[in-house]
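The values are calculated or read from the model by the stated rules, or taken from the named source; none is laboratory data. Not measured: the values here are computed from a predicted model. Cβ: placed from backbone, ideal geometry, glycine included. Neighbour counts: every protein chain shown.
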């Protein structure tokens, strides 16, 4: 398996634009996590899915953020409109079942100017 | 109180020494604990997992868990410059989602 695949690797966009980050989890994994990492706040859990269903989105910072998982092999994190303070590295991770290790994608470095 | 707390460091040790990294967590019902290593500009990768009280050894790495004290630690023996990275403690919160500490930056000096 190629591991968790995220795209794009880098994204530079202007304030106010819509940004969509994509993630393909490891085949057969049941849970998917979206994290945001910054120097100030570390690795923050934004939302996680279990069997394609959003379980906890309490970490999503505000209504500008939304996430979907239409099927077991694909998830998106959308920011609309984007703001400079959204600049961070966004990681997607997946695991086989609860309480087991999570495998991370390479991350998307987002810069909003 | 944050769900997972770590000393942010930086921690500096000489090559060949033992590096000790510590972590405390707030959810007394947590059952699964992990240490990840993250090199600069890279994604976190799993170093150790531990589920039971006591020690678990894997090569130069030893994870220690004390559920009564809500404490997890990672010892790195014979530290190498290649061990220089940020170490992240992760705990399953409410047994549903994985929460991370802020990470401890370790530097091993040759």
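Which one of B:110, B:81 is exposed (fewer than 15 other Cβ atoms within 10 Å of the Cβ), more than 15 Å from the chain's Cα centre (by Cα) and more than 30 Å from residue A:5 (Cα to Cα)? So that I can check it myself, show each step before the final result.
Details: B:81 fails: more than 30 Å from residue A:5 (Cα to Cα).
Just one listed residue meets the conditions, B:110.
Residue under question is residue B:22, and the condition is that it be closer than 29 Å to residue A:96 by Cβ, under 13 Å from the mean Cα position of the chain (by Cα) and surrounded by fewer than 19 Cβ atoms within 10 Å (Cβ to Cβ); does it hold?
Working: closer than 29 Å to residue A:96 by Cβ: yes; under 13 Å from the mean Cα position of the chain (by Cα): yes; surrounded by fewer than 19 Cβ atoms within 10 Å (Cβ to Cβ): yes.
Yes; evaluated as a whole, the condition is true for this residue.
Condition first: over 10 Å from the mean Cα position of the chain (by Cα) and assigned to a strand (DSSP E or B). Now tell me which residues in the range B:63-75 satisfy that.
B:65, B:66, B:71
Test each condition in (1) more than 12 Å from chain B (Cβ to nearest Cβ); (2) at pLDDT below 95; (3) surrounded by 14 or more Cβ atoms within 10 Å (Cβ to Cβ) for residue A:112 and report the one that comes out false.
Just one mismatch for residue A:112, condition (2).
Just to be sure, is residue B:79 without any contact (Cβ under 8 Å) to a residue 12 or more places away in the chain, in a loop (DSSP other than H, G, I, E, B) and within 22 Å of residue B:107 (Cα to Cα)?
So residue B:79 does not fit the description; no.
Take the range B:82-110 and flag every residue that is in a strand (DSSP E or B) and in contact with a helix residue (DSSP H, G or I) (Cβ under 9 Å, 6 or more places away or on another chain).
Initial filter on the range B:82-110 (in a strand (DSSP E or B)): B:85-93, B:97-100, B:104-109.
Once the filter is applied, which keeps residues that are in a strand (DSSP E or B) and in contact with a helix residue (DSSP H, G or I) (Cβ under 9 Å, 6 or more places away or on another chain), the range B:82-110 yields B:106, B:107, B:108, B:109.
Taking the range B:51-65 on its own, how many of its residues are at pLDDT 95 or above and either surrounded by 12 or more Cβ atoms within 10 Å (Cβ to Cβ) or under 18 Å from residue B:104 (Cβ atoms) (or both)?
Number of matching residues: 9.
Out of the residues in the range A:94-108 meeting the condition of being farther than 17 Å from residue A:65 by Cβ and in a strand (DSSP E or B), tell me which one is nearest to the other protein chains (Cβ to nearest Cβ).
The residue in question is A:104.
Which condition breaks for residue A:81 when tested against (1) more than 14 Å from every other protein chain (Cβ to nearest Cβ); (2) in a strand (DSSP E or B)?
Condition (2) is where residue A:81 drops out.
Is there any pair linking a residue in the range A:30-59 that is at negative phi and more than 8 Å from chain B (Cβ to nearest Cβ) to one that is surrounded by fewer than 16 Cβ atoms within 10 Å (Cβ to Cβ) and not in a strand (DSSP E or B), with Cβ under 6 Å and at least six apart or on different chains, and which?
A:30/A:51; A:30/A:97; A:47/A:57
Look at the range B:37-60 and say how many of its residues are touching a residue at least 24 places away in the same chain (Cβ under 8 Å) and within 13 Å of the chain's Cα centre (by Cα).
Counting residues in the range B:37-60 that are touching a residue at least 24 places away in the same chain (Cβ under 8 Å) and within 13 Å of the chain's Cα centre (by Cα) gives 5.
Quickly run through the range B:20-58 and pick out the residues that are in a loop (DSSP other than H, G, I, E, B) and away from chain A (no Cβ under 13 Å).
Passing the criteria: B:26, B:28, B:53.
Quick check on my filter: what residues within the range B:92-110 are over 16 Å from residue B:40 (Cα atoms), in contact with a strand residue (DSSP E or B) (Cβ under 6 Å, 6 or more places away or on another chain) and more than 10 Å from chain A (Cβ to nearest Cβ)?
Listed by number, the list holds a single entry, B:109.
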